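K.L.:
Before I ask anything, let me first share the structure, which is written out below as structure tokens.
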Amino acid sequence: EDQVTQSPEALRLQEGESSSLNCSYTVSGLRGLFWYRQDPGKGPEFLFTLYSAGEEKEKERLKATLTKKESFLHITAPKPEDSATYLCAVQDGRSSGYALNFGKGTSLLVTP
Amino acid sequence: NAGVTQTPKFRVLKTGQSMTLLCAQDMNHEYMYWYRQDPGMGLRLIHYSVGEGTTAKGEVPDGYNVSRLKKQNFLLGLESAAPSQTSVYFCASRVVRSVEQFFGPGTRLTVL
């Protein structure tokens with residue numbers, strides 16, 4: 001059973017068209033929820049860590065929020081350079097060596 | 001400061017051949033991880049290390065061995081490669097006092 005489920009699998013937006021990516025999780029004892037960005041042929045790049053329900057973090061056009069069951073990554077007025085795969089991951093009480101449990105990702109394409 | 005580096009970037013093996021993937025970090029991080037990434041699946045933990053001389057199994061350890069003889073290096077070995085080990089391999093590291101994991105650029109391995 002998947003612990004981390006991301007939706008949609010793929011999303012195509014026009015430049016300036018705001019939207020949200022979803023990450024739902026089922027873990028006990030959440031230690032942290034992480035968002036990463038991954039460009040083609042590269043390793044994941046850290047964006048945010050959220051620790052408790054109600055927490056929000058922002059970085060440029062991105063805003064991450066967390067509830068007890070899911071997290072959203074809101075993208076406001078996206079630009080083509082925001083095109084990438086966005087990965088969600090959780091760390092819970094059973095995580096081996098504090099490793100991360102990743103979702104399958106959402107592939108975002110922003111067209112001019 | 002190069003961060004996390006991985007060698008080689010690409011490799012093609014024949015079934016039954018062996019090879020070693022090298023991960024090096026210059027940030028003095030205690031924790032190091034090996035993940036594999038396959039299409040349609042999230043990153044999965046293979047092995048990890050919480051310090052020099054220590055290693056432990058992750059979610060998908062079969063067919064792989066690791067060693068951490070020096071704090072800055074984490075080696076992943078395939079003794080007898082199989083086509084099912086065709087994947088992109090990522091190394092990551094983190095310092096004890098932080099949750100953020102830094103990823104390397106990846107090694108794309110094809111086993112024929």
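Just so it is clear, none of the values below were taken in a lab; they were calculated from the coordinates. This one's a predicted model, so the numbers in the text were calculated from it and none came from an experiment. So basically every Cβ, Gly included, is an ideal-geometry build from the backbone, and we count neighbours across all protein chains shown.
K.L.:
Excluding residues fewer than 8 places away in the same chain, name every one of the aspartates and glutamates whose C-alpha is closer than 19 Å to that of A:Lys57.
P.N.:
Cα-Cα hits under 19 Å: A:Glu45, A:Glu70, A:Asp82, B:Glu100.
K.L.:
What's the average, rounded to a whole number, of partner chain beta-carbon atoms within 10 Å of each residue's beta-carbon in B:89-99? If you can, show how the numbers build up before the last one.
P.N.:
Numbers: counts 0, 4, 1, 5, 0, 5, 0, 1, 0, 1, 9.
Per residue, the number of nearby Cβ atoms from other chains is 2 on average.
K.L.:
Can you flag which of A:Lys63/B:Lys71; A:Lys42/B:Lys71; A:Lys68/B:Lys71; A:Lys59/A:Lys104; A:Lys69/B:Lys57 are past 30 Å Cα-Cα? Before the final figure, lay out each step's value.
P.N.:
Details: A:Lys63/B:Lys71 36 Å; A:Lys42/B:Lys71 24 Å; A:Lys68/B:Lys71 37 Å; A:Lys59/A:Lys104 22 Å; A:Lys69/B:Lys57 28 Å.
Pairs exceeding the cut-off: A:Lys63/B:Lys71; A:Lys68/B:Lys71.
K.L.:
Moving to a separate point now. Roughly how crowded by other chains is peptide A:99-108, in terms of the mean Cβ count from those chains within 10 Å of each of its Cβ atoms?
P.N.:
Working: counts 16, 9, 5, 7, 3, 7, 5, 0, 0, 0.
The per-residue average across the peptide is 5.
K.L.:
Where does each of A:75-81, A:95-101 land if you order them by average Cβ count within 10 Å, highest first?
P.N.:
Values: A:75-81: 15.0, A:95-101: 20.4.
Per-residue mean Cβ counts within 10 Å order the peptides as A:95-101, A:75-81.
K.L.:
Something else now. When the expected Rg is taken as 2.2 N^0.38 Å, what fraction or multiple of it is the alpha-carbon Rg of chain B?
P.N.:
Details: Rg = 13.2 Å, N = 112, 2.2 N^0.38 = 13.2 Å.
That works out to 1.00 for chain B.
K.L.:
Could you go through the range A:99-112 in sequence order and give the Karplus-derived ³J(HN,Hα) for each residue, using 6.51 cos²θ - 1.76 cosθ + 1.60 with θ = phi - 60°, rounded to whole Hz, and x for Gly and Pro?
P.N.:
Once θ is set to phi - 60°, the couplings for the range A:99-112 become 6, 9, 9, 8, x, 7, x, 10, 8, 9, 10, 10, 9, x Hz.
K.L.:
Now for a different question. Mind listing the Cα extents of the range A:1-78 along all three principal axes, in Å, largest one first?
P.N.:
Taking max minus min along each principal axis of the Cα atoms, the range A:1-78 gives 38, 27, 20 Å.
K.L.:
May I have the convex hull volume per residue, in Å³, for the Cα set of the range B:11-60?
P.N.:
Details: hull volume 6.4 nm³, N = 50.
It is 129 Å³ per residue.
K.L.:
Expressed in nm², what is the orientationally averaged projection area of the convex hull enclosing the Cα positions of the protein assembly as shown? Before the final figure, lay out each step's value.
P.N.:
On the way: hull surface 49.0 nm².
Convex hull of Cα atoms, orientation-averaged projection: 12.3 nm².
K.L.:
Also: Hey, what does the equivalent ellipsoid look like for the range A:62-112, semi-axes from the Cα gyration tensor as sqrt of 5 times each eigenvalue, largest first, whole Å? Walk me through the numbers before you get to the answer.
P.N.:
On the way: eigenvalues 139, 35, 11 Å².
They are 26, 13, 7 Å, listed largest first.
K.L.:
May I pose another question? Please list, short to long, the whole-number percent of alpha-carbon pairs of the range B:63-112 in consecutive 5 angstrom bins beginning at zero.
P.N.:
Pair shares across the bins are 5, 17, 22, 24, 17, 10, 5, 1, 0.
K.L.:
Just checking the output field for B:55-64: average partner chain Cβ neighbours within 10 Å of each residue's Cβ?
P.N.:
Details: counts 1, 3, 2, 4, 3, 0, 0, 0, 0, 0.
Mean shielding by partner chains, rounded to a whole number: 1.
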